[in-house]
Structures are given as structure tokens and as C-alpha cells.
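Okay, structure first, notes after.
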Amino acid sequence: MKKSLSLIMLLITVSMIVIAGCSTMNNQEKNTVENSEKTNESNSSYPVTIENAGQSLTFEKAPERVYGAYQQEAELLAELDLQDKLVGYSMIIKNTPAEYKEKLQDVPILSEDSYPSKEVLLEADPEIIIGSERSFNENGVGTIEELNDLGIDAYVTESEKPETVENMVYKEIEEISQIFGVEDRGDALIENMQDEIDEVTAKIEAVDEPVKVLLMSGGESGSAQVAGGNSLDSHLIELAGGENIFADEEEYLLEVSWEEIVERDPDVIVTSYCCGTGPEDLEKVIESNVSLQDVTAVKNENYIAAQVEDTTGNVRVAKGVRILAEGFYPDLFD
């Protein structure tokens with residue numbers, strides 16, 4: 001009898017443990033589901049409406065098929081871990097950083113140095129195209145109206161004046177992350193970029209007199225193409241502790257005479273290169289110009305090479321600020 005009673009008590013105890021364990025597991029599963037639902041709600045609050053380039057873009061859900069008119073748009077999607085949604089991109093950039101090269105290795109390149117033909121683009125079947133203002137015309141991917149008639153949304157990376165990191169880069173990150181329901185990733189990306197910029201600006205905050213900077217992206221016998229005060233390049237020069245010698249000019253890019261450069265006498269020249277032209281090509285243009293030989297930057301051979309993509313409106317601008325600041329004030333970054 002005692003053995004039977006002991007056996008019964010043992011079975012009751014085991015049953016209670018099993019029931020308690022199941023209850024705990026059910027509660028954990030319930031909490032996991034609830035947390036997952038909350039995450040989905042916070043990241044996927046559809047419909048989403050974005051005011052962009054004079055149009056209202058409304059999304060009932062995240063797009064699944066995206067075409068980036070430029071590689072820099074594909075790099076943004078890669079930063080947000082959305083590269084699997086890309087059906088293709090164009091305008092390939094040389095010297096692509098390893099992290100982007102790896103993430104984009106399986107994404108189709110629809111055209112290397114131009115926009116794809118309309119046939120190729122339509123065959124890729126995008127739901128949305130992301131590109132600059134100059135992308136959406138007859139010589140590009142088509143007008144916004146034409147694309148809308150085909151059921152394709154067009155997101156324009158608008159150029160606000162004056163261009164700053166906030167209204168050019170961060171704005172696009174915020175809006176793209178909203179469209180795809182990954183606001184948390186967008187916020188984290190912006191925070192990381194700002195932290196990197198803040199780290200650089202903290203090192204140069206003690207600089208009393210900023211260096212005078214010329215950012216040059218091209219030059220011929222009679223003139224040079226330089227960055228004006230409304231450009232993002234000019235804003236990054238300021239963040240890096242420099243003074244753009246053509247900041248008083250409102251244009252984004254402008255042609256100036258070599259005489260004007262001599263008169264403003266930059267301490268440093270940033271050779272902004274792309275599209276098959278290297279920094280050494282721009283340096284040759286400068287050094288072969290007899291009228292520039294007394295310019296401070298030329299006498300001291302004080303040149304900084306910066307790839308265009310590092311100082312334009314994309315996710316590389318934090319790196320661009322560092323490149324400029326380290327070139328302006330190398331002693332502060334030893």
C-alpha cells in the first residue's frame with residue numbers, strides 16, 4: 001500500500017512539473033509571437049505615403065522589385081539589408097568597397113555606364129525605380145508620367161538647396177526605410193553615420209583658422225569645374241573644418257577661370273574624380289598650368305584625392321568627411 005501511495009505521489013509530482021513546463025513554454029511562445037507582431041507593426045505601418053518631387057507616393061506594402069538607376073542607390077539598399085529586393089542597377093562605380101561588392105554580387109547589372117534600354121528595364125519588371133532628377137526623362141529611364149502609366153513608381157532623390165547631409169542623405173534614408181517598412185534599420189544607419197561624422201568633427205573643433213579649399217572635378221586650358229556653395233561637397237568641406245573658396249557662388253557646380261583660382265589662392269586642392277578619370281589626371285592639369293605655380297596648394301603639392309561618390313548624396317558621405325578632414329589636418333589624426 002505504501003509503495004502504491006508513493007508511486008501515485010510521484011506521478012502527481014511529475015505531472016505538475018510537466019504542466020508547469022508546458023505553461024511556461026506556452027507563455028514564452030506567446031510572448032515571442034506578441035513581440036514579433038509588435039516589431040512587424042512598428043516596422044510595417046502601412047499604408048505609407050511619401051511626398052516626393054511634386055507627387056504623392058502611397059504604398060500598401062513594401063515593394064518587392066526595385067531598380068536603382070545608380071550604384072549608390074543599390075548601396076543604400078544594401079546598407080538597409082534590402083539587396084534581395086533589387087532586380088538590377090546601373091552606373092557602376094570603380095573601387096567599390098568590399099562590403100557593398102559582396103552584398104551586391106548577385107544583383108543583375110542592367111547597364112554599366114549608362115541607363116539600360118527601355119526593353120531591358122521593362123524586362124526586369126520593377127515596381128519602383130529610385131534615381132536622381134536627371135534619371136527621369138526621355139534620355140534616362142523615362143518620365144515619371146510614363147512610368148506611372150506602366151504601373152511603376154518613381155522615387156526621385158531630390159536636390160534641396162543648399163545641400164546638406166540632413167536634407168540630402170538622411171532624408172532619403174528615412175523615406176526609403178519608411179517605404180520598405182524598415183524604419184529601425186534606417187534610424188540605426190543614420191545614427192552610425194552621424195557618430196562617425198561627430199568623431200571627426202570632435203578632432204578638429206580646436207582649429208582656429210580653416211584651410212582654404214578648392215574642390216575641382218575637371219579642368220581645361222581656360223577654366224576649371226569647381227564646387228559652389230550650394231553643393232553637398234561644400235557642406236562636407238565645412239564639416240571637415242575647411243572653407244570652400246567658392247562658397248559664395250550659389251551654383252552646385254560652376255566653371256571658373258584659372259585667374260579666379262589664383263586670386264582666391266587655396267591652401268589645398270581636392271581632386272574629385274570619377275568616370276575613368278583619376279586624381280593624377282586632374283593633378284597633371286593643375287601642374288601643367290603655368291599661371292597656377294604660385295598658388296599655395298600647388299607650391300606645397302597639397303592635393304587630396306576624393307572619389308566623387310564619397311562626397312555626393314549617398315551612404316558614403318561620413319567616409320568622405322573623414323577623407324577631407326584627414327587631408328586638411330593630418331597632424332590631428334596621427
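Of all residues in the range 102-159, those that are in contact (Cβ under 8 Å) with a residue 40 or more places away in the chain and small (Gly, Ala, Ser) total 7. The single residue among Met168, Met91 that is touching a residue at least 60 places away in the same chain (Cβ under 8 Å), under 28 Å from Leu253 (Cβ atoms), crowded, with 16+ Cβ neighbours inside 10 Å and not assigned by TED's automatic domain parsing to the domain that holds Leu232 turns out to be Met168.
Thr39 meets each of the listed conditions (1) modelled with pLDDT under 50; (2) out of contact with any helix residue (DSSP H, G or I) (no Cβ under 9 Å at 6 or more places or on another chain) apart from (2). The listed residues are Ala188, Ala247, and the only one of them that is over 21 Å from Leu282 (Cβ atoms) and without any contact (Cβ under 8 Å) to a residue 40 or more places away in the chain turns out to be Ala188. Restricting attention to the range 47-72 and to residues that are under 17 Å from Ser159 (Cβ atoms) and touching a Gly at 6+ places or on another chain (Cβ under 7 Å), the residue that is surrounded by the most Cβ atoms within 10 Å (Cβ to Cβ) turns out to be Ala69. Condition test on Glu172, is it under 19 Å from Leu232 (Cα atoms), among the acidic types (Asp, Glu) and either under 14 Å from the mean Cα position of the chain (by Cα) or at pLDDT 95 or above (or both)? For Glu172, the condition - under 19 Å from Leu232 (Cα atoms), among the acidic types (Asp, Glu) and either under 14 Å from the mean Cα position of the chain (by Cα) or at pLDDT 95 or above (or both) - is met. Across the range 105-132, the number of residues qualifying as in contact with a Ser or Thr (Cβ under 8 Å, 6 or more places away or on another chain), hydrophobic (A, V, I, L, M, F, W, C) and surrounded by 17 or more Cβ atoms within 10 Å (Cβ to Cβ) comes to 3. Might you check whether a residue that is part of a loop (DSSP other than H, G, I, E, B), modelled with pLDDT of 50 or more and under 30 Å from Ala306 (Cα atoms) occurs anywhere in the range 54-73? Yes, that holds for at least one residue. Residues that are under 29 Å from Ala240 (Cα atoms), touching a strand residue (DSSP E or B) at 6+ places or on another chain (Cβ under 7 Å) and of a type outside the set (Phe, Trp, Tyr) number at least 1 in the following strands (runs of 3 or more DSSP E) confined to the range 99-177: 128-132, 153-157. Among the candidates Leu214, Leu147, the residue that is at negative phi, of a type outside the set (Asp, Glu) and assigned by TED's automatic domain parsing to the domain that holds Ile237 is uniquely Leu214.
The values are calculated or read from the model by the stated rules, or taken from the named source; none is laboratory data. Here the structure is a predicted model, which is why all the values come from computation and not from measurement. Backbone-built Cβ (ideal geometry, glycine too); neighbour counts: all protein chains shown.
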